[in-house]
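The next block holds one structure in the form of structure tokens; read it before the comments.
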């Protein structure tokens with residue numbers, strides 16, 4: 001199994017997103033048994049040029065088969081398992097919304113120490129009190 | 001009740017071969033016959049690609065019917081076109097961005113109101129976006145945003161059909177296969193089948209959180225910005241347009257065709 005990162009290419013032309021605008025829309029390179037597990041979304045949105053070209057490549061991390069062809073456009077880098085885990089840890093930490101929240105490294109998610117109230121009101125997290133505070137609102141459309 | 005036309009056609013539905021009229025042995029009025037001749041010359045409106053597939057510089061999200069003109073909605077790539085923490089506008093300022101379906105017009109109105117002061121951050125973010133070679137991105141109107149929820153709901157969380165005295169899900173501008181003006185059920189819409197938009201490892205998913213639309217509602221005593229929660233589907237309005245606890249996702253649209261109104 002190979003640990004790798006890939007980026008987006010145009011769905012039809014296959015041109016990488018940092019070279020030309022993805023006029024058709026974004027797609028991923030075709031790599032044998034490529035399983036994307038996480039991405040560097042803590043750094044999104046990425047700026048674009050005046051023509052709509054990504055100024056840097058968004059990175060999608062995962063694994064693929066050992067005999068996969070990695071010479072295709074859109075493959076960014078390969079990693080050792082240790083390098084891959086270090087990058088994943090850094091991304092997970094970058095997504096941490098509040099100091100008190102509890103992380104799940106497998107899903108890359110963070111959950112509050114107190115669950116979001118199960119009703120139809122809107123709340124925001126108040127870190128000093130470590131609790132959800134109800135927001136005032138107008139009720140009718 | 002929708003009006004029925006010869007051949008079983010109903011206003012607002014796409015014209016497909018299955019809508020062919022019965023053998024023309026019945027008695028039709030001249031106007032009905034002329035009407036059917038007109039219909040036969042039209043091309044059926046179909047989805048250009050599957051929901052969530054690459055299309056038009058982003059991803060295809062569904063269609064809306066804006067007074068007989070049907071548009072394909074395109075959601076911007078999340079790597080460049082989705083952001084958290086933008087406020088809708090200025091507290092208490094009336095913008096007249098009142099359309100529930102015309103996001104481009106609403107956004108233009110908000111940009112005029114902004115006057116470069118960056119009060120209308122969500123609209124400015126979308127308006128300034130250039131990606132996929134396109135620069136006509138905008139902040140979706142409420143019913144355009146609702147189409148995104150209907151077809152690209154990220155989670156398996158049950159919908160809330162009713163809360164805070166409001167029924168959720170009604171969209172007068174919905175277009176096939178989404179039913180018009182229909183309240184959600186707890187299970188409909190369900191989690192999207194577009195894997196790239198499902199919560200989890202997906203990269204393009206809407207967050208299970210609140211999103212701004214560009215629509216303003218004339219709720220007394222203040223004009224409010226409208227939004228929607230992408231976890232339970234509830235329609236939301238916020239009189240304090242300066243709140244930043246919302247996501248913003250840019251959209252563009254292209255003409256798909258016309259239906260009778």
Query raised in the report: Wholly within the range A:63-141, which strands (runs of 3 or more DSSP E) include no fewer than the required count, namely at least 2 residues that are at the interface with chain B (Cβ under 10 Å from one of its Cβ atoms)?
Result: A:123-126
Query raised in the report: Looking at residue B:80, is it over 10 Å from residue B:123 (Cβ atoms), modelled with pLDDT of 95 or more and within 11 Å of another protein chain (Cβ to nearest Cβ)?
Result: yes
Query raised in the report: Among the numbered criteria (1) part of a strand (DSSP E or B); (2) within 7 Å of another protein chain (Cβ to nearest Cβ), which single criterion is violated by residue A:5?
Result: (2)
Requested in this report: Would you mind stating whether residue B:70 is crowded, with 18+ Cβ neighbours inside 10 Å, farther than 28 Å from residue A:54 by Cβ and out of contact with any helix residue (DSSP H, G or I) (no Cβ under 6 Å at 6 or more places or on another chain)?
Outcome: yes
Query raised in the report: For residue B:97, all conditions in the list (1) more than 12 Å from chain A (Cβ to nearest Cβ); (2) surrounded by fewer than 24 Cβ atoms within 10 Å (Cβ to Cβ); (3) farther than 29 Å from residue A:55 by Cα hold save one; what is the number of the exception?
Result: (2)
Query raised in the report: What single numbered condition from (1) out of contact with any strand residue (DSSP E or B) (no Cβ under 9 Å at 6 or more places or on another chain); (2) closer than 16 Å to residue B:231 by Cβ; (3) touching a residue at least 40 places away in the same chain (Cβ under 8 Å) fails to hold for residue B:156?
Result: (3)
Query raised in the report: Got at least one residue in the range B:184-198 being within 24 Å of residue A:36 (Cα to Cα), touching a helix residue (DSSP H, G or I) at 6+ places or on another chain (Cβ under 6 Å) and either within 13 Å of another protein chain (Cβ to nearest Cβ) or assigned to a strand (DSSP E or B) (or both)?
Result: yes
Query raised in the report: Applying the selection to the range B:232-247, what residues are facing another protein chain (nearest Cβ under 7 Å) and outside any strand (DSSP E or B)?
Result: B:234, B:239, B:245
Query raised in the report: Restricting the search to the range B:102-121, which residues are in a loop (DSSP other than H, G, I, E, B) and more than 23 Å from the chain's Cα centre (by Cα)?
Result: B:115, B:116, B:117, B:118, B:119
Query raised in the report: Tell me, which residue of the range A:8-38 that is within 12 Å of chain B (Cβ to nearest Cβ) and not in a loop (DSSP other than H, G, I, E, B) is nearest to the chain's Cα centre (by Cα)?
Result: A:38
Query raised in the report: Can you find a residue in the range A:90-105 that is over 19 Å from residue B:209 (Cβ atoms), exposed (fewer than 15 other Cβ atoms within 10 Å of the Cβ) and free of Cβ contacts under 8 Å to residues at least 12 places away in the same chain?
Result: yes
Requested in this report: Say whether the condition of being within 26 Å of residue B:46 (Cα to Cα) and out of contact with any strand residue (DSSP E or B) (no Cβ under 7 Å at 6 or more places or on another chain) is met by at least one residue in the range B:68-84.
Outcome: yes
Query - the range B:128-174, subset assigned to a helix (DSSP H, G or I) and closer than 30 Å to residue A:19 by Cβ, residue nearest to the other protein chains (Cβ to nearest Cβ) - result: B:128
Query raised in the report: If you check residue A:42 against the conditions, is it in contact with a helix residue (DSSP H, G or I) (Cβ under 7 Å, 6 or more places away or on another chain) and surrounded by fewer than 21 Cβ atoms within 10 Å (Cβ to Cβ)?
Result: yes
**Report entry** Test result for residue B:206, surrounded by 21 or more Cβ atoms within 10 Å (Cβ to Cβ), more than 22 Å from residue B:70 (Cβ to Cβ) and in contact (Cβ under 8 Å) with a residue 40 or more places away in the chain
**Finding:** yes
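The values are calculated or read from the model by the stated rules, or taken from the named source; none is laboratory data. Because the structure is predicted, anything quoted here is derived from the model rather than measured. Heads up, the Cβs are rebuilt from the backbone with ideal geometry, glycines too, and the neighbour counts pull from every protein chain shown.
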